Amino acid sequence: MKIKSFLIEVALKKRHLVKVHQVPVKELEDRVRKRKIWIDKIPEGEPIHLLSAVDGSRNKKTYAGYVVYAVGGCSVRFKEGVMDGEDYTAEIDLLKPEEYSDSRLRVLMGIVEAKQALREIENSSEVVLLDGSIVGDFLRPVVFNTEISDRGKEWALNSFEKLKEKFDLNRINSKDFYGEAEGRFSGREFPVVVGFLEYLEYLYSYYKLTEEGKGKIISVSKRSNSWSYKLDPILPDIAVLNLINLPPGYSQPYKSDLKDKKFSFPGEFEELLSEKEFTTFYFKLKRGIYKCETDMDVEDALKILSYYEVDGYPFPLKEAHVRVKITNEDIEEIVKILRHRGITGREALGE
């Protein structure tokens, strides 16, 4: 018997015991109603002249000691409500050593995604839809911030000043400094130092996006760990709102900023980012609850989300997601084209 059969037996025994919530749904509904959190209306949708939606993707193949990776960004443009073009950015390379590769890949994808959005701002897009949380993009913790040595931080900050002079929206600039870093740092210190430099480029890319795209950003998240409304002692707000049967509408907006964090941004970013603020709310267009963070007027943002809605979700973001997704088959094809023959360490298992 394989473990699947045993897992099925366990699942059958637990099917009435595994519950998402302990508080009755009726009580959760009463909390939302009494606190007047939910507004039961959505403004009528309106198109705009030029809108872009941006998403990113990443994937990798892991070898013994390093990874081959691909990261990509995609933007789709809608003119007067009709799709009017698409654009891509992509990077393929090795990350060595394998240690910290997951954290570095997340940052590298973020750089590509932010620069893709910046290109759309330069191309005169009036609104840019982003997949995910713009606040979370800034506040997402990275291990390099705490593990880097003073010597490594000094080198990275000095290199970052040079990087800013040649900041390019079509590529990842941190890669220009890998060779110099290899000559100065070894072992596990190398990925921490270059990862920290990549993180600085990441923060700078998002800072420039929020500056040059001020008043044009709408980010939409499918998941969230926020307890701002305090509807349940354990479940975040989005989970509670999805559990109860709410009509189309949106929650009372509140301000989200970057001040109340448990760490300091590196270098100049502690000052540059501390005043960043976004309006946050949850919304339901047809089905499903999503989180929105924007620096636009709430009514204007809702009109745009409503107009481009298909099956409850902004259609431009779905198009960007489908087009940018890097599959395992894509990675295998990339490896073949590179004619790379590495050892994964799983050959003995027939994998």
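Semi-axes of the equivalent ellipsoid of the chain: what are they in whole Å, largest first, if each equals the square root of 5 times a C-alpha gyration tensor eigenvalue?
On the way: eigenvalues 249, 154, 95 Å².
Value: 35, 28, 22 Å, ordered largest first.
Where does the chain land at 222 nm, in deg cm²/dmol rounded to the nearest 500, when only DSSP H runs of n ≥ 4 count, each adding -39500 (n - 2.57), divided by all residues?
Taken over the chain, the calculation gives -12500 deg cm²/dmol.
Quick check: pseudo-label points 7 Å beyond the Cα along Cα→Cβ at ARG35 and SER124, how many nm apart are they?
It is 4.5 nm.
Take the solvent-accessible surface of the protein heavy atoms, probe 1.4 Å, and return the percent of it on region 196-351 that carbon and sulfur atoms account for.
Numbers: 3870 of 7900 Å².
Using a 1.4 Å probe with all protein chains present, region 196-351 comes out at 49 percent carbon and sulfur.
What full-extension length gain, to one decimal in nm, is calculated for PHE167 and TYR254 as 0.36 nm per residue of separation minus the Cα-Cα distance? The partial results should precede the final answer.
Numbers: separation 87, 0.36 × 87 = 31.32 nm, distance 3.41 nm.
Here the segment from PHE167 to TYR254 would lengthen by 27.9 nm.
Between 0 and 90 degrees, rounded to the nearest ten: what's the tilt of helix 189-212 against the longest Cα principal axis of the chain?
40
Say the dipole of the chain comes from +1 at the beta carbon of Lys and Arg and -1 at that of Asp and Glu; which of VAL220, LEU302, GLY288 then lies farthest toward its positive end?
My answer, from the dipole projection, is GLY288.
Per residue of region 8-13, what does 6.51 cos²θ - 1.76 cosθ + 1.60 with θ = phi - 60° give for ³J(HN,Hα)? Whole Hz please, x for Gly and Pro, Karplus curve as stated.
Rounded to whole hertz, the list is 4, 4, 5, 4, 4, 6.
Express the relative contact order of the chain as a whole percentage, based on alpha carbon pairs under 8 Å and six or more residues apart in sequence.
Working: 578 pairs, mean separation 84.6, N = 351.
Dividing the mean separation by the residue count of the chain yields 24 percent.
Need one value: the accessible area of PHE269 in square angstrom, 1.4 angstrom probe, rounded to the nearest 10.
0
I want to check the label-to-label distance for ASP297 and GLU329. Put each point 7 Å from Cα in the C-beta direction and report it in nm to one decimal.
The answer from the label model is 4.7 nm.
So if we plug the beta-carbon distance of GLU182 and GLU147 into 1/(1 + (r/R0)^6) with R0 = 25 Å, what FRET efficiency do we get, rounded to 0.05?
On the way: r = 18 Å, r/R0 = 0.74.
With a Förster radius of 25 Å, E is 0.85.
Enter the angle in degrees (range 0 to 90, nearest 10) between the Cα long axis of helix 328-338 and the first principal axis of the Cα atoms of the chain, meaning the one along which they spread out most.
Between the helix axis and the principal axis of the chain, the angle is about 20 degrees.
Averaged per residue, what accessible area in Å² does region 14-104 show with a 1.4 Å probe, protein chains only? It would help to have the intermediate numbers written out before the result.
Numbers: 5070 Å² over 91 residues.
So region 14-104 comes to 56 Å² accessible per residue, rounded to a whole number.
Name all residues of region 51-95 having a backbone nitrogen under 12 Å from the label point set 7 Å from the Cα of VAL310 along its Cα→Cβ direction, giving them as ranges.
Under 12 Å, as judged by backbone N against the label point of VAL310, lie 82-84 of region 51-95.
Expressed as a whole percentage, what fraction of the accessible surface of region 13-121 belongs to carbon and sulfur atoms when a 1.4 Å probe is rolled over the protein heavy atoms? Don't jump to the answer; show the numbers that get you there.
Values: 2710 of 5450 Å².
Carbon and sulfur together cover 50 percent of it.
Roughly how big is the chain's charge dipole about its Cα centre, with Cβ charges of +1 (Lys, Arg) and -1 (Asp, Glu), in debye to the nearest 20? Please report the intermediate quantities before stating the final value.
On the way: 56 positive and 60 negative charges, 354 e Å.
Charge dipole of the chain: 1700 debye, to the nearest 20.
The values are calculated or read from the model by the stated rules, or taken from the named source; none is laboratory data. Note that the coordinates shown come from a computational prediction; the quantities given were computed from them, not determined experimentally. Ideal geometry is used to build each Cβ from the backbone, glycine not excepted, and the neighbour counts take in all protein chains shown. What goes into the accessible areas is simple: the full protein's heavy atoms, side chains included, and nothing from ligands, DNA or RNA. Shrake-Rupley method; radii C 1.70, N 1.55, O 1.52, S 1.80 Å.
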